[in-house]
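First comes the structure, then the notes that go with it.
The values are calculated or read from the model by the stated rules, or taken from the named source; none is laboratory data. Because the structure is a prediction, the values reported are computed rather than measured. All Cβ positions, glycine included, derive from the backbone under ideal geometry; neighbour counts span all protein chains shown.
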Amino acid sequence: MSNKRNSSRATATTPRKAGSAGSAGRPGTTGRGTAGSAPMRRWVLLGSGLVVALIAVIAGWALLSGQSGTGGSTAPGGSEGKVVQANGGHWTNITPDMLASALPAKDFTLLNVKTPYMGEIAGTDLYIPYNQLAARAAELPKDKSAKITVYCRSGNESAIAAQTLIDLGYTNIDNLDGGMTAWTASGRQLVQLNRT
């Protein structure tokens, strides 16, 4: 009789492998009946639904906060763009409308950093590819507080250029949010010059 107790004690502490006979004695079951699986499925579905709802709320918030006037802080000096914090400083993302309204009384350097060259906004002062800014810094304004507005095709290369300008010590930088794509989408034209 002691042998029988020892063998049952040994199997009680040994974990069952998946596919072994469960407590119901049926091969291929794990001992859990179907009664426990329905509530578990409900909890999984509820949890999944909550995760999807949370993602939707976060995505909606991010979308709304990225629109002009709904998120971020305004730039110093009266510019109504969105301030972007960067390593060692900040720049201001401006809209095509903001740039267009500033062009008639232009008091800044307009810098195209798109590589390769694919056109530019009329009134552009310099074309320096974003990856050549540090090497060609002598072409930039000498005054580090001079206002520089950078743009590219979509805004990605100009954001890199804005950080490079900060690294070079410039403190008054605007970036055309959406670049030439946003400029033309707002109904404005690009000009083609022979620049390299």
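Output yes when any residue across the stretch 139-153 is touching a Pro at 6+ places or on another chain (Cβ under 8 Å) and not β-branched (Val, Ile, Thr), and no when none is. Walk me through how you get there before you give the answer.
Residues of the stretch 139-153 touching a Pro at 6+ places or on another chain (Cβ under 8 Å): 148.
Next cut, not β-branched (Val, Ile, Thr) only: none.
Within the stretch 139-153, not a single residue is touching a Pro at 6+ places or on another chain (Cβ under 8 Å) and not β-branched (Val, Ile, Thr).
Output yes when any residue across the stretch 139-147 is closer than 23 Å to Val83 by Cα and either modelled with pLDDT under 95 or in contact with a Cys (Cβ under 9 Å, 6 or more places away or on another chain) (or both), and no when none is. Write out each step before concluding.
Kept after step one, since they are closer than 23 Å to Val83 by Cα, are these residues of the stretch 139-147: 140-141, 143-147.
Right, trim to either modelled with pLDDT under 95 or in contact with a Cys (Cβ under 9 Å, 6 or more places away or on another chain) (or both) and you get none.
Looking through the stretch 139-147, none of the residues is closer than 23 Å to Val83 by Cα and either modelled with pLDDT under 95 or in contact with a Cys (Cβ under 9 Å, 6 or more places away or on another chain) (or both).
Restricting to the stretch 128-159, what's the tally of residues that are without any contact (Cβ under 8 Å) to a residue 40 or more places away in the chain and part of a helix (DSSP H, G or I)?
Residues flagged as without any contact (Cβ under 8 Å) to a residue 40 or more places away in the chain and part of a helix (DSSP H, G or I) within the stretch 128-159 amount to 7.
Among the residues of the stretch 52-104, write down those that are modelled with pLDDT of 85 or more and in contact with a Ser or Thr (Cβ under 6 Å, 6 or more places away or on another chain). Outline the logic, then answer.
Filtering the stretch 52-104 down to residues modelled with pLDDT of 85 or more leaves 82-104.
If the condition is that a residue be modelled with pLDDT of 85 or more and in contact with a Ser or Thr (Cβ under 6 Å, 6 or more places away or on another chain), then Val83, Thr92, Thr95, Pro96 are the ones that fit.
Among the residues of the stretch 103-117, is there at least one that is within 28 Å of the chain's Cα centre (by Cα), surrounded by 13 or more Cβ atoms within 10 Å (Cβ to Cβ), outside any helix (DSSP H, G or I) and of a type in the set (D, E, K, R)?
Yes, that holds for at least one residue.
Does the stretch 181-192 include one or more residues that are over 17 Å from Thr124 (Cβ atoms), in contact (Cβ under 8 Å) with a residue 40 or more places away in the chain, surrounded by fewer than 19 Cβ atoms within 10 Å (Cβ to Cβ) and of a type in the set (D, E, K, R)?
No: the stretch 181-192 contains no residue that is over 17 Å from Thr124 (Cβ atoms), in contact (Cβ under 8 Å) with a residue 40 or more places away in the chain, surrounded by fewer than 19 Cβ atoms within 10 Å (Cβ to Cβ) and of a type in the set (D, E, K, R).
From the set of residues in the stretch 146-160 that are within 19 Å of the chain's Cα centre (by Cα) and of a type in the set (Ser, Thr, Tyr), which is surrounded by the fewest Cβ atoms within 10 Å (Cβ to Cβ)?
Ser154
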